[in-house]
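S.K.: What follows is a single structure, and I will ask about it in a moment.
The values are calculated or read from the model by the stated rules, or taken from the named source; none is laboratory data. In this text, all values refer to a predicted model and were calculated from it rather than measured experimentally. Reconstructed Cβ throughout: ideal geometry from the backbone, glycine too, with neighbour counts over all protein chains shown. Heads up: the accessible areas ignore ligands, DNA and RNA and are worked out on the full protein's heavy atoms, side chains in. Shrake-Rupley method; radii C 1.70, N 1.55, O 1.52, S 1.80 Å.
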Amino acid sequence: IIMPVAGRSAMIMVMGALPYARPEGGLGSVFMRGRSALWVIWGLFFLSAAGLAAAGWLGFAAAIAAALMTALAAVYTNHKIGGITGDTIGATCEIIELVPLLVAAAGIHRGLVA
């Protein structure tokens, strides 16, 4: 449950945090209209609440890990191309969806999940 929520929340957070990289516009620019920095807060809140509700503290840890990886992806993308495009929004979603799975695997390995 947390994997798709993490990916979609990551999309919302990077759209709220970064400018659109192409000055001439593109397909991703449609999603950037009316954006707000509050999207970052809402994305983080929804992701954390979903993680906690779905899997308790391990789910919350997965949500925080996904949020941190989203921040790293945003910094990297901003450094490389000066913002985001539709392709980088989609790539961020796909990459961040893996983070809760990796946290769950680590939790199982550590014996935190039965």
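S.K.: Among the hydroxyl-bearing types (S, T, Y) and in contact with a strand residue (DSSP E or B) (Cβ under 8 Å, 6 or more places away or on another chain) - does that describe any residue in the range 50-72?
M.R.: Scanning the range 50-72 turns up no residue that is among the hydroxyl-bearing types (S, T, Y) and in contact with a strand residue (DSSP E or B) (Cβ under 8 Å, 6 or more places away or on another chain).
Condition check ((1) in contact (Cβ under 8 Å) with a residue 40 or more places away in the chain; (2) within 12 Å of I96 (Cβ to Cβ); (3) part of a helix (DSSP H, G or I)) across all residues:
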residue: M13; (1), (2), (3): yes, yes, yes
residue: G16; (1), (2), (3): no, no, yes
residue: E24; (1), (2), (3): no, no, no
residue: S36; (1), (2), (3): no, no, no
residue: V40; (1), (2), (3): no, no, yes
residue: L44; (1), (2), (3): no, no, yes
residue: L52; (1), (2), (3): no, no, yes
residue: W57; (1), (2), (3): no, no, yes
residue: I64; (1), (2), (3): no, no, yes
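S.K.: Out of all the residues in the range 83-114, which are surrounded by 13 or more Cβ atoms within 10 Å (Cβ to Cβ) and not in a helix (DSSP H, G or I)?
M.R.: G83, I84, T85, E97, L112, V113 - these are the residues of the range 83-114 that are surrounded by 13 or more Cβ atoms within 10 Å (Cβ to Cβ) and not in a helix (DSSP H, G or I).
S.K.: Can you confirm whether G59 is open to solvent by less than 70 Å² (accessible area, probe 1.4 Å), modelled with pLDDT of 90 or more, touching a helix residue (DSSP H, G or I) at 6+ places or on another chain (Cβ under 6 Å) and not β-branched (V, I, T)?
M.R.: Yes; evaluated as a whole, the condition is true for this residue.
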